[in-house]
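The values are calculated or read from the model by the stated rules, or taken from the named source; none is laboratory data. Computed from a prediction, not measured in an experiment: that's the story for all the values here. Here the Cβ positions follow ideal geometry from the backbone for every residue, glycine too, while neighbour counts run over all protein chains shown. Surface accessibility is based on the protein's heavy atoms, side chains included, excluding ligands, DNA and RNA. Shrake-Rupley method; radii C 1.70, N 1.55, O 1.52, S 1.80 Å.
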Amino acid sequence: MTLKQLCTAVLLQVLSFAALAQGSSSGSIKGKVTTSDQKPAAYVSILIREIKRTLVTDEEGNFQASRIPAGTYQLEISLTGHETLDTIVNIQAGATTSIFLQLRVSEKQLEEVIIRSYRNRFIKTQSPYVAKMPLKNLENPQVYTTVSQALLQDQLNVVYADALKNIPGVIMQLENNSAGGTVTSRGFSTQSFLRNGVPGIIGGGTLDPANIESIEAIKGPSGALYGTGLVSFGGLFNRITKKPEESFHARIGYTGGGFGLSRLDADINTPLDKDHKLLMRFNAAKYAEGSFQDAGFKNYFFLAPVISYQLSDKTKLTVEAEYKKEKANSFYRLFVDGANTTGVRDPRDLNFDFKRRFSSDDIYTTTNTANLFAELQHQFSDAWQGRATYTYLSSQADGMSGYLSMKAGNDSLIRNSSYTEYSNSAASDLQYNLNGDFKIGRMRNRLLVGVDIYSATTRSSSPGNVAFDVVSASKPGAAYSALNRLALLDRVKNLPFTRNKAVQNMYSAYVQEVLNITPQLIAMASIRVDYFDNPGTKNLTRDTTTGKYDQTAVSPKFGLVYQLVPDQVSLFGNYSNGFQNIAPILQPDGTISSFKPSQANQWEGGIKWGLSNGILSGSLSYYAIRVSDVTRPDAPDRPAFTVQNGTQYSKGIEGEITAMPFKGFHVLAGYAYNDSKLKKSSPALEGLRPGSAGPEHIANLWLSYHLSEGALKGAGIGFGGNYAGKNIVNVSTTSLYTLPSYTVLNATLSYEQSKYRLIARVDNLTDQRYWVGWSTTIPQMPIRFSAAAYLKL
């Protein structure tokens, strides 16, 4: 220690002791820490040396502390490999001292320093998208789950569907049919159509995780802010994409594994000018994979460039694009509609090998998607900010697909195929959101006012499905190879093709208010009005139009939050509404019946907590959803007619915990129980669980430990998996078909240094044989080993 440092330390000790000797009066301190590139310095530890007290900044770089004895103190921020930042502050009795600190490291450098430090990398404490305004999780009266990029990397997730397995209560039903697959949540099926809070995909194809910063799963009806068409009564998934940063960094990696897995991906970020106003980030992936079955493949390449330009201190323009070209077989599906008459009650009862695909590799579909996103943000004042977004989505697909269905007797399969000459979809969305954050008296008000105009057009040409042939499931013989591309083209060439054009328009307006009645009591109120205009589906072959209708729906939402411990423990409750549009139906007597939207009303309550910089966070909630105005057969008197007086109930509990019991060790766990029932339905389904509701019990777990010291510094290990109870996918009052429960375990082993990362993963560690589906039986992948190497620049 130099003489100057010694004198300074002695002086500070004398001053602090003198202040303490004057009495027990105390004051407070608050402040903000930023990086050299003006980004919030999250999860940075600040030591108050004289009283040995450590403060930690939140995600926005803010920190605060109270009950500090009046006096003069030295604050110290020490980062490994970088110069220590010291500053002196004077705490006055009964007053709050504000301070601003700027580190001499960039955001990227800071992330590299604290990546293995005492912070929970799997937690995101707030989001600007979930409530369409910046809002902390503990301030939001609704449950949502965030899957961070750190978790995706820790698990070596190269498939979007695997990322969703970290969300409590979510289970895959149909893989890669569109928008990353169909899953069930809170007893309802849903998909991933949103991107940064706006429409993000149209048409089919695979979602790649290369451009994902995080995934937000918002639970329950969310119509008050997101409307219809892009969400379900069970919730929604919102992909948050990677954004340009001010410092250069790059990461290039390759993953290889069993069943032909081969993936090359890159993430390159660079400023384009010396003032760092023009920034670019480029993500890309080249993916190829075979199948554990005797046929089946998927390959694509994916590009996602983004450019941001700081037009002024208050205005920023961001333009993003995504392009993907994919060629793949449709996923394997065995429909079990015939199980009620064959006596088959379980896929284990079927007398055939699920490793047979019963199709050939040349039965494939080609899909091209090209999407554009533009966002203009403007800060009108400290209190008001505007965000305008324009989205253009397009998708083109052509080719062949197929599925299997059972015939009477459990050894006969019908091979159904389809040919799509073309299916072209295009959609545009224009949104404007105005956010205010101001006070009326002593009450803080956060206001959102928004408008949304969405339009989509789809053109298609197809002869429809073809029942190609019937084969023996156990001994198909020479007939097994009869279904191929040439044979299917020959079958459909003389069939009449139907060419359609369908248009949908939606015009919406919404408003939301978040009011701090007291610092601890927060109220939220939202309402959205949607006008849905469907000009109908035009049959271009026959020059006829059917299904024309328009509907208006209003979705309210209310919620309360009371923070038992400010910024640490919250009690919450909400009522939320969602709706789904229903098209007119041609009845058997030739009349056309029009319907109003079906409505879902949810009541939810519970507790959230976020303690000590992520050492322990999570939530526990109970929900009850009632869906009214469901269409159903008018049985028993007129079963061929459709009426709108059915109801469905879904209730349950969900809990999740993210913890860091000690340095480097992370725990992520979730459990969900769901009880769904059809009420006032057809006689065969009355009082039963819907076949699309998924299992009653679902659980997920991930344990991760990384060493930050010693000879093995940088080594890590991960272990976890998923449990799903039995899944009744085909049900009636006389019989049912059930997929058995399963537990699937996965493990990873990694080693990371500043310039590279190595990681290996084993999927389905115990080689569990299991199936997922929705009125289907879809066998899942057996044990597989994969490994990846990443170079960081």
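Would you check which residues across region 225-253 are surrounded by fewer than 15 Cβ atoms within 10 Å (Cβ to Cβ) and out of contact with any Pro (no Cβ under 8 Å at 6 or more places or on another chain) and list them? Those that are surrounded by fewer than 15 Cβ atoms within 10 Å (Cβ to Cβ) and out of contact with any Pro (no Cβ under 8 Å at 6 or more places or on another chain): LYS243, ALA250. Could you check how many residues of region 117-151 are outside any loop (DSSP other than H, G, I, E, B) and open to solvent by 10 Å² or more (accessible area, probe 1.4 Å)? Qualifying residue count, region 117-151: 9.
Is it the case, given these coordinates, that PHE352 is under 23 Å from GLY773 (Cβ atoms), under 27 Å from the mean Cα position of the chain (by Cα), not hydroxyl-bearing (Ser, Thr, Tyr) and not in a strand (DSSP E or B)? Walk me through it before giving the result.
On the way: under 23 Å from GLY773 (Cβ atoms): yes; under 27 Å from the mean Cα position of the chain (by Cα): no; not hydroxyl-bearing (Ser, Thr, Tyr): yes; not in a strand (DSSP E or B): yes.
So PHE352 fails the test.
Counting just the residues of region 181-195 that are out of contact with any Leu (no Cβ under 8 Å at 6 or more places or on another chain) and open to solvent by 10 Å² or more (accessible area, probe 1.4 Å), which one comes out nearest to ALA672 (Cα to Cα)? The qualifying residue nearest to ALA672 (Cα to Cα) is PHE188. Say whether the condition of being open to solvent by 10 Å² or more (accessible area, probe 1.4 Å) and either of a type in the set (D, E, K, R) or in a helix (DSSP H, G or I) (or both) is met by at least one residue in region 172-180. Checking region 172-180: at least one residue is open to solvent by 10 Å² or more (accessible area, probe 1.4 Å) and either of a type in the set (D, E, K, R) or in a helix (DSSP H, G or I) (or both). Across region 496-527, what is the total count of residues that are aromatic (Phe, Trp, Tyr) and under 19 Å from LEU230 (Cα atoms)? The qualifying residues number 2. Looking across region 44-62, the residues that are farther than 15 Å from ILE615 by Cα, open to solvent by 40 Å² or more (accessible area, probe 1.4 Å) and either assigned to a loop (DSSP other than H, G, I, E, B) or of a type in the set (A, V, I, L, M) (or both) come down to LEU47, ILE51, LYS52, GLU60. Where strands (runs of 3 or more DSSP E) sit wholly within region 540-611, those with at least 2 residues that are closer than 20 Å to SER222 by Cβ, open to solvent by 30 Å² or more (accessible area, probe 1.4 Å) and at pLDDT 90 or above occupy 549-565, 598-611. For region 380-396, does any single residue satisfy the condition of being within 30 Å of PRO128 (Cβ to Cβ) and among the charged types (D, E, K, R)? Looking for residues that are within 30 Å of PRO128 (Cβ to Cβ) and among the charged types (D, E, K, R), one finds at least one in region 380-396, hence yes.
Can you name the residue in region 671-682 that is assigned to a loop (DSSP other than H, G, I, E, B) and open to solvent by less than 30 Å² (accessible area, probe 1.4 Å) and, of all such residues, is nearest to VAL143 (Cα to Cα)?
Here the residue is SER681.
Which residues, taken from region 379-396, are among the aliphatic types (A, V, I, L, M) and at pLDDT 95 or above? Answer for region 379-396, where residues must be among the aliphatic types (A, V, I, L, M) and at pLDDT 95 or above: ALA388, LEU393.
Each row is one residue, and each column tells you yes or no for (1) touching a Phe, Trp or Tyr at 6+ places or on another chain (Cβ under 9 Å); (2) in contact (Cβ under 8 Å) with a residue 60 or more places away in the chain; (3) among the hydroxyl-bearing types (Ser, Thr, Tyr); (4) on the phi > 0 side of the Ramachandran plot.
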site: THR190; (1), (2), (3), (4): yes, no, yes, no
site: ILE201; (1), (2), (3), (4): yes, yes, no, no
site: PRO209; (1), (2), (3), (4): yes, no, no, no
site: GLY227; (1), (2), (3), (4): yes, yes, no, yes
site: ILE240; (1), (2), (3), (4): yes, yes, no, no
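What's the total number of residues in region 635-670 that are at positive phi and open to solvent by 30 Å² or more (accessible area, probe 1.4 Å)? The qualifying residues number 0. Of all the listed residues (GLN293, GLN310), the sole one being open to solvent by less than 70 Å² (accessible area, probe 1.4 Å) and within 19 Å of ALA374 (Cα to Cα) is GLN310. Here's a check for you: in region 91-106, which residue that is within 24 Å of SER754 (Cβ to Cβ) and touching a strand residue (DSSP E or B) at 6+ places or on another chain (Cβ under 8 Å) is modelled with the lowest pLDDT? Once the filter is applied, the top-ranked residue is ARG104. Restricting attention to region 467-486, the residues that are surrounded by 17 or more Cβ atoms within 10 Å (Cβ to Cβ), among the aliphatic types (A, V, I, L, M) and not in a strand (DSSP E or B) total 2. For the residues VAL319, VAL344, the requirement of being closer than 26 Å to THR777 by Cβ and of a type in the set (Val, Ile, Thr) singles out VAL344. Contact map, region 776-793: first residue within 30 Å of ASP353 (Cα to Cα), second residue aliphatic (A, V, I, L, M) and open to solvent by 40 Å² or more (accessible area, probe 1.4 Å), Cβ cut-off under 9 Å, separation 6 or more or different chains; pairs are ILE783/LEU765; ALA787/LEU758. Screening SER617 with (1) part of a strand (DSSP E or B); (2) closer than 30 Å to THR545 by Cα; (3) open to solvent by less than 40 Å² (accessible area, probe 1.4 Å) gives one miss only, at (2). Of all the criteria given as (1) under 30 Å from THR125 (Cα atoms); (2) assigned to a strand (DSSP E or B); (3) touching a Ser or Thr at 6+ places or on another chain (Cβ under 6 Å), the one not satisfied by TYR623 is (3).
Given PRO519, PRO556, PRO535, which one is free of Cβ contacts under 8 Å to residues at least 60 places away in the same chain and more than 30 Å from PRO496 (Cβ to Cβ)?
Working: PRO556 fails: free of Cβ contacts under 8 Å to residues at least 60 places away in the same chain; PRO535 fails: more than 30 Å from PRO496 (Cβ to Cβ).
Going through PRO519, PRO556, PRO535 in turn, just one is free of Cβ contacts under 8 Å to residues at least 60 places away in the same chain and more than 30 Å from PRO496 (Cβ to Cβ): PRO519.
Scanning region 739-759 for residues that are surrounded by fewer than 17 Cβ atoms within 10 Å (Cβ to Cβ) and more than 16 Å from ASN700 (Cα to Cα) yields a total of 8.
Residues that are touching a Leu at 6+ places or on another chain (Cβ under 7 Å), in a strand (DSSP E or B) and of a type outside the set (Val, Ile, Thr) do not occur anywhere in region 457-466. Report whether or not ARG345 is surrounded by 15 or more Cβ atoms within 10 Å (Cβ to Cβ), out of contact with any Pro (no Cβ under 9 Å at 6 or more places or on another chain), over 22 Å from VAL198 (Cα atoms) and in contact (Cβ under 8 Å) with a residue 60 or more places away in the chain. In short, yes. Annotation: LEU688 fulfils all but one of (1) hydrophobic (A, V, I, L, M, F, W, C); (2) within 26 Å of LEU164 (Cβ to Cβ); (3) in contact (Cβ under 8 Å) with a residue 40 or more places away in the chain; the unmet one is (2). Selection of region 620-630 for residues being over 30 Å from ASP567 (Cβ atoms) and open to solvent by 50 Å² or more (accessible area, probe 1.4 Å) yields only ARG626.
Among the residues of region 292-336, those that are hydroxyl-bearing (Ser, Thr, Tyr), in contact with a Lys or Arg (Cβ under 9 Å, 6 or more places away or on another chain) and over 28 Å from ASP361 (Cβ atoms) comprise SER308, TYR309, THR318.
Condition check ((1) within 23 Å of LYS124 (Cβ to Cβ); (2) among the hydroxyl-bearing types (Ser, Thr, Tyr)) across all residues:
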position: TYR160; (1), (2): yes, yes
position: VAL170; (1), (2): yes, no
position: SER189; (1), (2): no, yes
position: GLU213; (1), (2): yes, no
position: GLY223; (1), (2): no, no
position: GLY235; (1), (2): yes, no
position: ASN238; (1), (2): yes, no
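Residues in region 749-776 that are among the aromatic types (Phe, Trp, Tyr) and more than 23 Å from LEU404 (Cβ to Cβ): TYR751, TYR756.
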